[in-house]
Amino acid sequence: AHPDRKPAAPLTDALVVDPIAHAAEIERFYRRVVFGPDEHCAIWTGAISDDGYGTFSATRGGRERTVKVHRFAVAYQLGIPVQFGQVIEHAVCDNPICVRAHPDPVIGHLWPSTQADNLRRMAAKGRGGGRPRWWIRRWSGLLRHERAEHSRVLAAAVRDRGWDETRVRAVLLTIDPAQLSLFP
């Protein structure tokens, strides 16, 4: 860390990502993202916390803050302030390191939500099910340390050599082996 910077602290104000004011930060963020083709996930390859979600340092008000990457992606890609404590749902993929936010719901995987709506959708789709796509897995059924380990393995699989469907598929299919029959 830079000696003149204050230590990172959680962001408690609304997270705003301005395309002009935060251009360097946005560029630094996307250097850590590998986009899958078509409707697949965009995988965060940077820091991953103990809960399996990606983290990123953003500077606001002269202080470096740690933010979850899916929250940063929504604030930037949807152009909305993400309120402290607001639920950002992985509405399509349930992948904790996916940062594919997009204003078109056919393309975007992440959406602002409420806890009630998130829980309702989790129950309705058996969390991770829905349409039979091999890249959609049951992340939420994992214990915290298991989710973190799978996130780190997935990030490593794309970090150096980019998106390779064989490598990504191999990682994702190990997350919930009981579901293999749903994904031929």
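The values are calculated or read from the model by the stated rules, or taken from the named source; none is laboratory data. Predicted model, so just to flag it, every value in this text is computed and none were measured. For neighbour counting, all protein chains shown are included, and Cβ atoms are generated from backbone atoms with ideal geometry for every residue, glycine included. Side chains included, ligands, DNA and RNA excluded: accessible areas come from the protein's heavy atoms. Shrake-Rupley method; radii C 1.70, N 1.55, O 1.52, S 1.80 Å.
Would you say G61 is out of contact with any strand residue (DSSP E or B) (no Cβ under 8 Å at 6 or more places or on another chain) and surrounded by fewer than 16 Cβ atoms within 10 Å (Cβ to Cβ)?
yes
Show the residue pairs that are 6+ apart or on different chains and have beta-carbon atoms under 9 Å apart, the first residue being within the range 142-169 and open to solvent by 80 Å² or more (accessible area, probe 1.4 Å), the second being assigned to a helix (DSSP H, G or I).
Filtered contacts from the range 142-169: R161/R167.
Basic (K, R), over 30 Å from V16 (Cα atoms), surrounded by fewer than 21 Cβ atoms within 10 Å (Cβ to Cβ) and at pLDDT below 90: does that describe R127?
Against the criterion (basic (K, R), over 30 Å from V16 (Cα atoms), surrounded by fewer than 21 Cβ atoms within 10 Å (Cβ to Cβ) and at pLDDT below 90), R127 does not qualify.
Would you tally the residues in the range 29-58 being open to solvent by 50 Å² or more (accessible area, probe 1.4 Å) and touching a residue at least 24 places away in the same chain (Cβ under 8 Å)?
Selection size over the range 29-58: 6.
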